[in-house]
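> Take a look at this one; I'll ask things after.
The values are calculated or read from the model by the stated rules, or taken from the named source; none is laboratory data. Predicted model, so just to flag it, every value in this text is computed and none were measured. Virtual Cβ from ideal backbone geometry, glycine too; neighbours counted across all protein chains shown.
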Ligand code: FES
């Protein structure tokens, strides 16, 4: 299933409520709601902060959506938000996927949560791999610790990762070490590029000012996570 890049919109929204995990529910027009992996830039009206905050989709919610946890969110319920989005490339689960792994390598799996319902609609088995808890997960979803990541990756026919830019090398090393330890057949399975990776980094301008803060080097080439990602094909990052 291909998630296309939607035409960007600018509009107003409202922070309706906050949750214990620092995620928020935002009320906004439907065309502002990002797909899983995409983001919308939000700036509170009247705020002193010059920087907008990238808000990722986590779950559907009435009249808007629930975000992934926000770090250092300065907003309180009722805050009026200027929204620009949806921005960037999101995840796309292939329609043939029957074994889907959702792997939050270093943080909350909330940015991957939106893929659960898509995968279940495809009748796929879903395994969530994370050391962080996620509330309200359907019973059909199996949860495994990050220690099981490589085994689950071997099992899956599609994997979606969530990783911080600074931890990408650590992820690559894990795959590299595993390849060395396994036999040639399993190493071949591990080297297959059968997934996508959401790379997290600060994205203050969302490509508007080309600030370069979200830059990522891929094979001696510069990519901007805010517009070339945040979701990349695994084969691009290997
Ligand atoms: S956030 Fe400014 S170029 Fe990406």
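> Criterion first (at pLDDT 80 or above, assigned to a helix (DSSP H, G or I) and either out of contact with any strand residue (DSSP E or B) (no Cβ under 6 Å at 6 or more places or on another chain) or more than 10 Å from the ligand (Cβ to nearest atom) (or both)) does residue 168 satisfy it?
So residue 168 passes the test.
> Take the residues of the stretch 221-238 that are part of a strand (DSSP E or B) and more than 13 Å from the chain's Cα centre (by Cα): which is farthest from the ligand (Cβ to nearest atom)?
Restricting to residues being part of a strand (DSSP E or B) and more than 13 Å from the chain's Cα centre (by Cα), the top hit is 221.
> Here's a follow-up. Select from the stretch 201-220 the residues that are under 18 Å from residue 162 (Cα atoms) and more than 6 Å from the ligand (Cβ to nearest atom) and write down the one among them that is nearest to the chain's Cα centre (by Cα).
Looking at residues that are under 18 Å from residue 162 (Cα atoms) and more than 6 Å from the ligand (Cβ to nearest atom), I get 201.
> Follow-up. Only one of 204, 138 is at pLDDT below 90 and assigned to a loop (DSSP other than H, G, I, E, B); which?
204
> Determine which member of the set 95, 137, 146 is surrounded by fewer than 19 Cβ atoms within 10 Å (Cβ to Cβ) and either over 23 Å from residue 23 (Cβ atoms) or touching a helix residue (DSSP H, G or I) at 6+ places or on another chain (Cβ under 6 Å) (or both).
Step by step, each of 95, 137, 146 is checked, and only 95 is surrounded by fewer than 19 Cβ atoms within 10 Å (Cβ to Cβ) and either over 23 Å from residue 23 (Cβ atoms) or touching a helix residue (DSSP H, G or I) at 6+ places or on another chain (Cβ under 6 Å) (or both).
> Looking only at residues that are more than 19 Å from residue 110 (Cα to Cα) and in a helix (DSSP H, G or I) in the stretch 154-165, which one is modelled with the highest pLDDT?
155
> How many residues are more than 17 Å from the chain's Cα centre (by Cα), assigned to a loop (DSSP other than H, G, I, E, B) and within 18 Å of residue 18 (Cα to Cα) if we restrict to the stretch 32-46?
1
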